[in-house]
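To keep things clear, I will list the structure first and then write my remarks on it.
The values are calculated or read from the model by the stated rules, or taken from the named source; none is laboratory data. A quick note: this is a predicted structure, and the numbers were derived from the prediction, not measured. All Cβ positions, even for glycine, are placed from backbone atoms using ideal geometry, and neighbour counts span all protein chains on display. Each accessible area value is taken on the protein alone, full model and side chains, heavy atoms only, with ligands, DNA and RNA left out. Shrake-Rupley method; radii C 1.70, N 1.55, O 1.52, S 1.80 Å.
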Amino acid sequence: MKNCIIAFLAAGMLAATGCGNGASGSAAGAGDGNAVIEAIMARRSIRQYKDTPVEREKLQLLAECGVNAPNGMNAQAWEVRIIDSKEWIDGITEVYKAANPQMASRPGFKNMFVNGTAVIAVAAPDDTYNGVNAGLLGENIMLAAQSLGLGTCCLGAPTRFLNSAPEAQPYREKLGINPDYQILYMIAVGYPNEEPAAKPRDLSKIRFVE
Ligand SMILES: Cc1cc2nc3c(=O)[nH]c(=O)nc-3n(C[C@H](O)[C@H](O)[C@H](O)COP(=O)(O)O)c2cc1C
């Protein structure tokens, strides 16, 4: 299941092969001037954010872009929760820190969502098909955010805690997610305070079939 989510979240990112990795044979230039391709190529995972909160209108727009993703039979078997409550974010972070004290010792640590001022949780029934649907939804959110000048980081690590740690359950209940659904990933969102370089992509994974 997790591999499946990673594969599909990464699908849009595979196109980012020409961004800063110096790979030969990249077709990145073919997209020059195309806003969608430029957003795909420029998106990076952001882990440092300004304190400026993200406007709710923009957060709502990101989620709407998310649910416009293709999904099997248009069943829309997913739930999306936008969390910009500092009380919720700081509260769960304190609980998480108590269980993982080493987390807080990281330089610049502000919260368990790599310091995002908001976080979007995506939940779905825990099976392959719905993992694919949810993954496509997430990439829509991250590319829409990129196009609006916002940073994002897809996060798997906090979901384990939220789905299963007993002390996290009051926070999960506050999200009002169907108890039969798993939170598959969360997306940190905020105004970026760093410009990380692109991580290299392996173009040899792509082949034409003659
Ligand atoms: C399913 C998934 C889970 C991830 N979980 C984490 C995480 O828990 N913590 C983190 O810092 N980054 C996480 N990432 C971000 C990846 O590390 C990142 O996308 C990858 O290194 C490529 O870098 P880029 O996004 O800047 O291109 C996750 C990404 C995906 C797709």
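Key figures
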read-out: Net charge of Cβ neighbours under 9 Å - reference Val122; Lys, Arg +1; Asp, Glu -1; value: 0
read-out: Low-density loop cleavage sites - chymotrypsin sites (Phe, Trp or Tyr not before Pro) in segment 84-170, where at most 14 other Cβ are within 10 Å (DSSP); value: Phe109
read-out: Residues Asp202 and Glu167, FRET efficiency given R0 of 35 Å [Cβ-Cβ distance, rounded to 0.05]; value: 0.30
read-out: Longest DSSP-loop-exposure-free segment, trypsin sites (Lys or Arg not before Pro), the chain, at most 15 other Cβ within 10 Å; value: 51-206
read-out: With all protein chains modelled, accessible area of Ile82 [1.4 Å, Å²]; value: 70
read-out: Among Ala123, Ala168, Ala63, residue whose mean-square fluctuation peaks in a GNM of the chain (springs only between Cα atoms under 10 Å); value: Ala168
read-out: Computed [θ] at 222 nm, helices only, for the chain once each DSSP H run of length n ≥ 4 contributes -39500 (n - 2.57); value: -12000 deg cm²/dmol
read-out: Using alpha-carbon coordinates, inclination of helix 2-14 to the longest axis of the chain, degrees; value: 40
read-out: Nearby aspartates and glutamates by direct alpha-carbon distance to Lys86 (threshold 20 angstrom, same-chain neighbours under 8 apart not counted); value: Asp51, Glu55, Glu57, Glu94, Glu167, Glu173
read-out: Probe 1.4 Å - accessible area at Glu55, Å² to nearest ten; value: 80
read-out: Protein accessible area in segment 2-196, 1.4 Å probe - carbon and sulfur %; value: 53
read-out: Extension gain, Lys97 back to Val36 (0.36 nm per residue minus Cα-Cα distance, nm); value: 18.1 nm
read-out: Long-range amide H partners of Tyr185 with built H, under 5 Å; value: Val122
read-out: Cleavage-rule hits, GluC sites (Glu not before Pro), segment 128-209, DSSP coil, Cβ neighbours within 10 Å at most 14; value: Glu194
read-out: Rounded to 5, percent antiparallel among DSSP beta bridges of segment 2-196; value: 95
read-out: Net charge of neighbours whose Cβ lies under 14 Å from the Cβ of Pro107, counting Lys and Arg as +1 and Asp and Glu as -1; value: +2
read-out: Rel. contact order, % - alpha carbon contacts under 8 angstrom, at least six apart, the chain; value: 33
read-out: Restricting segment 179-210 to chymotrypsin sites (Phe, Trp or Tyr not before Pro) in coil, as DSSP defines it, with at most 15 other Cβ within 10 Å; value: Phe208
read-out: Top of Pro192, Pro179, Pro158 by mean-square fluctuation, Gaussian network on the chain, Cα under 10 Å; value: Pro179
read-out: Principal-axis tilt of helix 86-99 within the chain, Cα atoms, nearest 10 degrees; value: 80
